[in-house]
Structure formats: C-alpha cells, structure tokens
1. Computed from these coordinates, which is log10 I(q)/I(0) by the Debye sum over Cα atoms at q = 0.09, 0.11, 0.13 Å⁻¹: (i) -0.35, -0.53, -0.73; (ii) -0.42, -0.60, -0.79; (iii) -0.29, -0.43, -0.62?
2. With Cβ to Cβ distances under 14 Å as the rule, what net charge do the other residues near SER42 carry (K, R +1; D, E -1)?
3. Can you pull the accessible area of TRP73 for me, 1.4 Å probe, Å² to the nearest 10?
4. Quick one: if you stick a label point 7 Å off each Cα along the C-beta vector at ALA149 and GLN69, how many nm between them?
5. Determine the sum of side-chain charges near PRO84: Lys and Arg each +1, Asp and Glu each -1, restricted to other residues whose C-beta is under 15 angstrom from that of PRO84.
6. Given a 1.4 angstrom probe, I'd like the percentage of the accessible area of the chain that is carbon and sulfur, rounded to a whole number.
7. Could you tell me how far the Cα centroid of segment 154-204 sits from the Cα centroid of segment 37-66, in Å?
8. By the scheme Lys and Arg +1, Asp and Glu -1, what is the net charge of all other residues having a beta-carbon under 10 Å from that of SER198?
Amino acid sequence: MRQYGNFATERYGSWRIAKIEHALAQALPRLSRDDAVAVVSSALNKRLISQAGLAEVERLLHGRRDARQALGWLALAVGSDESPAETGARLSCIDHGVPPDRVQVVFHKDGRFLARCDFGWHLRDRRWLAVEIDGVGPHSTPEALVNDAPRQNRLLATGRVVMLRFKPADNHQPGGIGAAVAARLDELGGWTPAPGGSEDPVRL
C-alpha cells in the first residue's frame, strides 16, 4: 500500500479528497496503458480536467516512481472518447497503424443529419468506413434498439458508407478491433485523410 506526502485536496461532500490533477498523478503509474488513457480521456470528456490541468499532471508525474511510461501515455488521451470501450478500440487501431481519420464523425446528406458514428476513415474511393462500438449501456436501451437499425440503414442506403460494428469484448480477441479494422481497410483499398476540419460534418 502506497502512502503519499503533501498534495492538494478539495472537499467532496463530507470528504476531503485529492484534487484531480494530484489523484491522476498518483494513480496513472500503477495502471495499464489502456486503463490510464481511458481514465484521462474520461476526465477530459466529462470536463473534470482542462488542458492546463493535464499539463499540471505531467509536471507532477516528473520524478515520480514508475511514471516514465505514464508520461508518454498522456498524449494518447482525448476528450472525444465517450467510454473506456471506445478508448480501447481507438488505441488498438493506433497500434495497428490505422488511427481513426475522424472521431464522433457526423454524416449529413442533402443538408440533413443522418447519423453520428464513433470512428470514421475516408477511403481512397471517397466512401467512408464507419465503426461503432456497441457498449452494453448505450446500445441496449429501448431507444437505442429502436434507433440503431434505422440509423445504420440510412447510412448504408447512401452507397457511400461501409459499416463495422464491434462489441467491447472484441478488443480482447487476438489482434483486437484494430486488426479487424486494418484488414477491412486493406480490402477496401486503403484510406486517406479526409479534407476539411476534423469536426466538420461529412457530406455524403
């Protein structure tokens, strides 16, 4: 069991707890890469920490025991990941040389919103490969069961989108989700960065 010296605290109800920058600096060296990146990405997504706060975490990690690897992992954290499953899938894709071209990519057609997907790759033939990570919570509600199929059908009906769907457990298979995405991209002729900004909607 580790003990820590002086660190900044804040009040949470009747408890006094470590401020998030100090808590992260304490925890990250003891986590695996995927768990560490998921924790920081979640904090960014929930706006519990800012980029300035992330820089403070980096400062606090310097010189801490077992922190060298964790320092390198901070750059992999992004606020666009909406679940640990998405983080794991994104890291698997990076590991296999196919980092997503877009994350939380929004598709439009004729000025009308069609769908938002977790990841997207702009194919060389100008189509898109869209990937969805079907987490148990978000995709098992009655609303999701009603909406997911029509949303996928709208995308496929354009003829401009190829869809892959994965369960979080698929990332524990040999090669993980990244290997499956890389293989599919190879079958589809490869991908190239899409024009426009990373947050711009894709107009099919």
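The values are calculated or read from the model by the stated rules, or taken from the named source; none is laboratory data. The structure displayed is predicted, hence computed values, not measured ones. Cβ: placed from backbone, ideal geometry, glycine included. Neighbour counts: every protein chain shown. The area values use the complete protein model at the heavy-atom level, side chains included, leaving out ligands, DNA and RNA. Shrake-Rupley method; radii C 1.70, N 1.55, O 1.52, S 1.80 Å.
1. (ii)
2. The answer is -2.
3. 40
4. 4.4
5. Overall, the nearby charge balance is -4.
6. 52
7. Spelled out, the Cα-based centre of one part sits 29 Å from the other.
8. Result for the local shell: -2.
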